[in-house]
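Below is one structure; the comments refer to it alone.
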Amino acid sequence: MKTIGLIGGISWVSTVDYYTYINKGVNAQLGGLNFAQCIIYSFNYADIVKNNESENWDATLKMLTQAALGLQQSGAEAILLCANTMHMVADDLVKNLQIPVIHIATATANEITKQGLKKVGLLGTRFTMERDFFKDKLKEQGIDTLIPDDDERLFIHDTIGSELSKSIINPETKAYYLRAMKKLIDRGAQGIILGCTEIPMLIKPEDINIPLFDTTLIHSNAAVEFMLR
């Protein structure tokens, strides 16, 4: 089994899900008392958010690089950034390492391609929805991306930080997300990407009648595949 290095705390809530999914995934394949061989570096989320909101991506890259180098030195054979937004700098991060970074958007694009879909809706932080770092990975596989309107993007971004990252589940927030998703479906989305690792706490597959792509689970499964191949 290869050792995986997880960079988490962004937020801690979804890092718990990563740890759970990866351990269960390893055990499902190996059985017995076999579980994930992994190392976790967990940030103070406030430090990351401060950089993000001030658009100081160089500072975020520096923090991620230091964490990843420490994990690499400790024996990690690949890095998992446990947040979609952190992949804004993933391509630059990998240049500073001697081990791969398993990209969440590439893993998600692979799953969408398996289902033969060509147009999907994307929910996430405003950075994930509005910037190209995630959508470009989809485009490489011929997948078009739809995002919510301005007001919806603002609401989704704000509630990720104020509610979901604190493990707060609000029925009114869920209803709003579902309305935004319905609009994307009406515009032609064949599936919906939960492009923030906290959103799957709020939105479940049974909430909509088209494919739902949980990036936390998809990314975790990609890590398990890497560890065991």
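No lab work stands behind these numbers, since they all come straight from the coordinates. These numbers were taken from a predicted model, which means no experiment stands behind them. Glycine also receives a Cβ, built like all others from the backbone with ideal geometry; neighbour counts cover every protein chain displayed.
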For this session: Please give the contour-minus-distance gain from ARG187 to MET1: 0.36 nm per residue of separation, less the Cα-Cα distance, rounded to one decimal in nm.
Result: 62.6 nm
Exercise. In degrees, nearest 10, range 0 to 90: what is the angle between the Cα axis of helix 57-73 and the longest Cα principal axis of the chain?
Worked result: 40 degrees
Exercise. Placing +1 at every Lys and Arg Cβ and -1 at every Asp and Glu Cβ, with all other atoms neutral, what dipole size does the stretch 1-84 have around its Cα centre, in debye to the nearest 20?
Worked result: 280 debye
Seminar exercise, completed: Rounded to the nearest 10 degrees, the helix 104-114 long axis (Cα) sits at an angle to the longest Cα principal axis of the chain of 60 degrees
Seminar exercise, completed: Listed residues SER54, SER74, SER11; largest mean-square fluctuation, Gaussian network over the chain with Cα springs below 10 Å, found at SER54
For this session: Post the alpha-carbon centroid distance, the stretch 19-35 to the stretch 197-223, in whole angstrom.
Result: 19 Å
Problem set entry | Part-to-part distance (alpha-carbon centres) for the stretch 61-88 and the stretch 138-168, which is given in Å | 23 Å
For this session: Give me the angle, in degrees from 0 to 90, between the Cα long axis of helix 171-186 and the longest principal axis of the Cα atoms of the chain, rounded to the nearest 10.
Result: 70 degrees
Seminar exercise, completed: When all Cα-Cα pair distances of the chain are considered, the percent exceeding 33 Å is 12 percent
Exercise. Gaussian network model of the chain, Cα springs within a sub-10 Å range: biggest mean-square fluctuation belongs to which of MET63, MET88, MET181?
Worked result: MET63
Exercise. GNM, the chain, Cα, under 10 Å: largest mean-square fluctuation among LEU64, LEU164, LEU154?
Worked result: LEU154
Exercise. For ASP207 and ASP47, FRET efficiency with R0 = 35 Å and r from the beta-carbon atoms, rounded to 0.05?
Worked result: 0.60
Exercise. What percent do you get for the relative contact order of the stretch 112-229 when only Cα pairs under 8 Å and 6+ apart count?
Worked result: 30 percent
Problem set entry | Principal semi-axes in Å for the stretch 43-176 [√(5λ), Cα gyration tensor, largest first] | 26, 21, 13
Exercise. Taking a threshold of 27 Å on the Cα-Cα distance, which of the pairs LYS119/LYS204; LYS118/LYS182; LYS95/LYS118; LYS50/LYS182 fall above it?
Worked result: LYS95/LYS118; LYS50/LYS182
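Using alpha-carbon pairs under 8 Å, 6+ residues apart, how would you state the relative contact order of the chain in percent?
Here the relative contact order equals 25 percent.
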